[in-house]
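The block underneath contains the structure these notes are about, expressed in structure tokens.
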Amino acid sequence: MSRVMVRNYAETDRAAVLATFDSNLPEYFGDGDRGWLEETLDDPDGPALVVTVDGAVAAFGGYEIWEHYNKALLYWGMAARAYHRCGLGRLLLFERLIHVARHAVPATRYVTVDTSPLVAPFFEHCGFEQTAVWPEGYRSGMTMHELRFDLARTALPDLVARRDAALARVLDRLAAA
């Protein structure tokens, strides 16, 4: 077994995903978000993935296709606090972008995300462009940043190379820990 794997979410991952969420409170999520995550886990709107480290869930995220628009929307996207700054978020992000590029039905051009001011720079660093800022855009009162990634501007081999680089970074950082 590889030390780090990305695979489809399974119902047996539920407790570990909720623990990952809880490890990120209160900085990364607002009041009431846990209930929303539980609803997502019960009935996902699209593919959901987990990243495991030594067989244990360490990150989670998915996406849904908006059939009437030319876009996919990333949902959730989190790494357990113990794994912050080791690259799991980047690995998960590029794995989701690749998945959208390969499997979205109907095929879509844009991948969008809404997130907090704390996380928006991560997406910008990964090639997303900010499209809107909504003060109190979340019911919790947190400001919402909307960003998008244009799949038409990036070739699939480039996404794969960025994912592979993220994986190499994760493995290096885990080895150094």
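Fraction of C-alpha pairs exceeding 15 angstrom in segment 100-174: 64 percent, rounded to a whole number.
Compute a Gaussian network model of the chain, connecting alpha carbons closer than 10 Å, and tell me which residue from Tyr110, Tyr69, Tyr138 fluctuates the most. Evaluated over the chain, the most mobile residue of the options is Tyr69. Modelled spin labels at Glu39 and Asp158, positioned 7 Å past Cα toward Cβ, are 3.7 nm from each other. A 1.4 Å probe run over segment 103-177, with the rest of the protein chains in place, finds 59 Å² accessible per residue. Per residue, the chain reaches -11000 deg cm²/dmol at 222 nm when only DSSP H runs of four or more residues are counted, each adding -39500 (n - 2.57). Net length available on complete extension from Tyr69 to Ala107 is 12.6 nm, with 0.36 nm assigned per residue and the Cα-Cα distance removed. Carbon and sulfur: what percent of segment 50-166's accessible surface (1.4 Å probe)? Answer for segment 50-166: carbon and sulfur cover 51 percent of the accessible area. Highest mean packing first, where packing is the average number of other Cβ atoms within 10 Å per residue, the peptides 126-134, 164-172 line up as 164-172, 126-134.
Specify the inter-centroid distance of segment 53-86 and segment 1-47, based on alpha-carbon positions, in whole Å. With segment 53-86 and segment 1-47 each reduced to a Cα centre, they are spaced 8 Å. Take the Cβ atoms of Arg7 and Thr131, set R0 to 25 Å, and the FRET efficiency comes out at 0.20. Cut-off 10 angstrom, C-alpha nodes, Gaussian network model of the chain. Which of Pro44, Pro157, Pro106 fluctuates the most? In this elastic network of the chain, the residue with the biggest mean-square fluctuation among Pro44, Pro157, Pro106 is Pro157. Binning the C-alpha pair distances of segment 1-102 at 10 Å intervals from 0 yields a P(r) profile of 15, 50, 31, 4, 0 %, listed from the shortest bin outward.
What fraction of the Cα pairs in the chain, stated in percent, has a spacing above 30 angstrom? I get 12 percent for the Cα pairs in the chain exceeding 30 Å.
Which GluC sites (Glu not before Pro) does segment 49-128 hold that lie in a coil by DSSP with at most 15 other beta carbons within 10 Å? For GluC sites (Glu not before Pro) across segment 49-128 that sit outside H, G, I, E and B with at most 15 neighbouring Cβ atoms in 10 Å, the list reads Glu67.
Between Ala177 and Ser23, the contour length at 0.36 nm per residue exceeds the alpha carbon distance by 53.5 nm. With the convex hull drawn over the C-alpha atoms of segment 64-109, the volume per residue is 63 Å³.
Note on the chain: GNM, Cα springs under 10 Å; of Arg162, Arg139, Arg109, the largest mean-square fluctuation is that of Arg139.
The values are calculated or read from the model by the stated rules, or taken from the named source; none is laboratory data. Here the structure is a predicted model, which means the values were calculated and not measured. Here Cβ is always computed from backbone atoms with ideal geometry, including for glycine, and neighbour counts include all displayed protein chains. Ligands, DNA and RNA are stripped out before the accessible areas are found, and what is left, the full protein with its side chains, is counted by its heavy atoms. Shrake-Rupley method; radii C 1.70, N 1.55, O 1.52, S 1.80 Å.
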